[in-house]
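Worksheet: one structure, shown below.
The values are calculated or read from the model by the stated rules, or taken from the named source; none is laboratory data. Here the structure is a predicted model, which means the values were calculated and not measured. Every residue, glycine as well, gets a Cβ built from its backbone with ideal geometry; the counts of neighbours run over all protein chains shown. The protein model used for the area step is the full one, side chains on, heavy atoms only, and it has no ligands, DNA or RNA in it. Shrake-Rupley method; radii C 1.70, N 1.55, O 1.52, S 1.80 Å.
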Amino acid sequence: MSRSVRLVPPAAALFALALTTTACGGGVHGTPGGSGVRDPYFPKAGNGGYDVDHYDLALDYTPAGRRLTGTAVITARATQDLSAFNLDLAGLQVDSVTVEGRKALFARAGQELTVRPHDDLSKGETFRTTVRYSGTPRTLTDPDGSKEGWLPTADGGLGLGEPVGSMAWFPGNHHPSDKATYDITVTVPKGLQAVSNGELADQSTKGGRTSFHWHTAQPMAGYLATVAVGHYDITRTRGPHGLPIIAAVDHAEAKESKEVLAKLSDIVDWEEYNFGPYPFSSTGAIVTGDSDAGYALETQNRPVIPADQFNTETLVHELAHQWYGDSVTPSSWQDMWLNEGFATYAEWLYGEDHGGESAQQTFMDLYNGDNEAIWAYPPAKPSSAAHISDSPVYLRGAMVLQKIRQKVGDDTFYAIIQGWAATHRYGNVDTADFTAYVEKKAPGHDFSEIWKDWLYGDGKPAHP
Ligand code: TRP
Ligand code: ZN
């Protein structure tokens, strides 16, 4: 799904010079892929000219010394004739790069790792890139001040990637528009656990180190990949229709987390009833120490939730993201409200169905309340990258859904939210896809005022 751009990255320009002195077996027929995909909020994120099918990551991590040694084998398809292409990688040292088994030239500039394969790649060709790298992975600070990337913890580490942190622990096409399947094998000192996305395919110990091989069979955006290393209690149970539940709880938080964890299966069951079939082959949670991460994140299959935020509402929210965000993923960071508006609305619906106030009442409380921050900008147009996770995206985003429900009634509303998840399963979407979908599913209704006032309009709409 990645779009190519015509920017020539400086490093690729260098390679163009180098070409005059480099023997190039296949001849030159390609041009460099873009260094970004023109995301309106994170322009350097992602790369043009190829589309990744699969990441095979072998990560070796030693908490003492915070040392990571990694091999990333990236299988991708060229979407244009390519003389060079970029990967996103922040920090770390690149030790070698090969493309199709042949040594490739590479150069680095900021978060761009430019690779110049020995032979040009042809449009449509599937090619394999192997990057060997090492070092101490960085913690990155987002435009909004929050920490992501690699977070060292008391006894291990935690990889988090929204919006751009995954580039701190593996090279890739780090934009939500390019999804891929994953094999993530993490090797850690014996006695520690390493938890990631998908299902555990294999575990083995030798020479005092244990390897955990996690397989993610359904497409995943890079920002949803995670690795948690530490002393975790891992439980494997079954949920609705036998769905595997793999939960990992920081050993020190096991007691405190038990009660909420026991609700996970029923929450997934309730969400399937409301949103349609669960999209992935396993579910669960990773409950971390309080200070390991300052926030929860909907990492695919099993959201990361700090123990002090591990409550029913947060679990409902992060699991709802498995449908809205993880399976149906925004094409750019502009459309965050398609994640957060839905996950917030899931909390409102859950409350309504479990003896709390109705979603309409929650909507009216917000409309009449004094939280002016909600009206700072319209959900479909965040004011800047520093504000993509503010309340207009979460709360006013959820209010847009309540406005649709007001207009069409419950039957059509549920058909819309379930149909949206089913139609775009494993895909990428933008706001225009959503408004078109709603109009198609409810042809007798006029949504133009809702879109104009609630989705795109500045300030507080005149009527609730
Ligand atoms: N997506 C997370 C949630 O709703 C919140 C979050 C964490 C976030 N990090 C972020 C949102 C970075 C935007 C950008 O549970
Ligand atoms: Zn969320």
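Within the span defined as segment 421-439, every residue fails to be assigned to a loop (DSSP other than H, G, I, E, B), within 16 Å of ligand 2 (Cβ to nearest atom) and open to solvent by 30 Å² or more (accessible area, probe 1.4 Å). Apart from one condition, Leu261 fits all of (1) under 21 Å from the mean Cα position of the chain (by Cα); (2) open to solvent by 10 Å² or more (accessible area, probe 1.4 Å); (3) closer than 30 Å to Phe413 by Cα; the exception is (1). What about Ser146, is it within 16 Å of ligand 1 (Cβ to nearest atom) and either within 21 Å of Gly110 (Cα to Cα) or open to solvent by less than 40 Å² (accessible area, probe 1.4 Å) (or both)? Yes.
In a loop (DSSP other than H, G, I, E, B) and acidic (Asp, Glu), is that true of Asp446?
On the way: in a loop (DSSP other than H, G, I, E, B): yes; acidic (Asp, Glu): yes.
Considered against the rule, which asks whether it is in a loop (DSSP other than H, G, I, E, B) and acidic (Asp, Glu), Asp446 comes out as yes.
The single condition among (1) of a type in the set (S, T, N, Q); (2) surrounded by 16 or more Cβ atoms within 10 Å (Cβ to Cβ); (3) more than 13 Å from ligand 1 (Cβ to nearest atom); (4) not in a helix (DSSP H, G or I) that Thr362 does not meet is (4). Residues being more than 12 Å from ligand 1 (Cβ to nearest atom) and farther than 27 Å from Ile416 by Cβ are represented in segment 377-386 by at least one member. Checked against the criterion of being without any contact (Cβ under 8 Å) to a residue 60 or more places away in the chain and on the phi > 0 side of the Ramachandran plot, segment 370-382 has no qualifying residue.
The single condition among (1) within 12 Å of ligand 1 (Cβ to nearest atom); (2) surrounded by fewer than 24 Cβ atoms within 10 Å (Cβ to Cβ); (3) β-branched (Val, Ile, Thr) that Thr299 does not satisfy is (2). Filtering Leu89, Leu113, Leu105 for residues that are in contact (Cβ under 8 Å) with a residue 12 or more places away in the chain, more than 25 Å from His213 (Cα to Cα) and open to solvent by less than 40 Å² (accessible area, probe 1.4 Å) leaves a single hit, Leu113.
Residues of segment 201-210 include none that is closer than 30 Å to Gly36 by Cα and either aliphatic (A, V, I, L, M) or not in a strand (DSSP E or B) (or both). Go through segment 309-359 residue by residue and tally those that are away from ligand 1 (no atom under 14 Å from the Cβ) and among the hydrophobic types (A, V, I, L, M, F, W, C). Looking only at that region, the number is 4.
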